[in-house]
Amino acid sequence: QVQLVESGGGLVQAGDSLRLSCAASGGTLSTYTMAWFRQAPRKEREFVAGLSRDGSSTTNPDSEKGRVTISRDNAKNTVFLQMNSLKPEDTAVYYCAARMGPLYASYRLYDYWGQGTQVTVSS
């Protein structure tokens, strides 16, 4: 069973960039569909970006194109989320998740979760 640990969150200013990491143990990330979600206070968990096993990726269509990128380093067994031009509305706890099947945007379909990392963007 794969275990996921996120890191890289913190307090940044609007316009800054941040790269989140999701390190895995107990499993090989390239055999999983991976995704990043976020959850702001009093809001439902929201899909940010996902990466299929074949390496194809997708981001939330409501997100400004090019502002978020998901990638994977197989040698490090780690998935990354690069976020640029951060805005206060990006403030949330960011979660890494994995599943064995196809890529979906619904958090309910993911089996494995990290503990989350807080991202706070000040204006």
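Annotations for the structure displayed:
- Taking the numbered list (1) within 14 Å of SER21 (Cβ to Cβ); (2) open to solvent by 50 Å² or more (accessible area, probe 1.4 Å); (3) touching a residue at least 40 places away in the same chain (Cβ under 8 Å) in turn, SER123 passes all entries but (1).
- Failed criterion for SER25 (all others in (1) crowded, with 18+ Cβ neighbours inside 10 Å; (2) within 17 Å of LEU4 (Cβ to Cβ) hold): (1)
- Residue pairs whose Cβ atoms lie under 6 Å apart, sitting 6 or more positions apart in sequence or on different chains, and linking a residue in region 3-22 that is on the phi > 0 side of the Ramachandran plot to a partner that is among the aliphatic types (A, V, I, L, M) and surrounded by fewer than 17 Cβ atoms within 10 Å (Cβ to Cβ), do not occur here.
- The residue that is farthest from SER17 (Cα to Cα), among those in region 58-90 that are aliphatic (A, V, I, L, M) and outside any loop (DSSP other than H, G, I, E, B), is VAL79.
- Within region 4-29, the set of residues being closer than 18 Å to ASP111 by Cβ and under 15 Å from the mean Cα position of the chain (by Cα) comprises LEU4, VAL5, GLU6, CYS22, ALA23, ALA24, LEU29.
- Residue within region 96-104 that is more than 12 Å from the chain's Cα centre (by Cα), closer than 17 Å to THR59 by Cβ and open to solvent by 70 Å² or more (accessible area, probe 1.4 Å) present: yes
- Reported count of residues in region 26-57, each being assigned to a strand (DSSP E or B) and at pLDDT below 95, is 1.
- Scanning region 38-66 for residues that are crowded, with 16+ Cβ neighbours inside 10 Å and either β-branched (Val, Ile, Thr) or over 24 Å from PRO102 (Cβ atoms) (or both) returns VAL48, THR59.
The values are calculated or read from the model by the stated rules, or taken from the named source; none is laboratory data. The structure displayed is predicted, hence computed values, not measured ones. Quick reminder, even Gly has a Cβ in these numbers, built from the backbone with ideal geometry, and neighbours come from all protein chains shown. Surface accessibility is based on the protein's heavy atoms, side chains included, excluding ligands, DNA and RNA. Shrake-Rupley method; radii C 1.70, N 1.55, O 1.52, S 1.80 Å.
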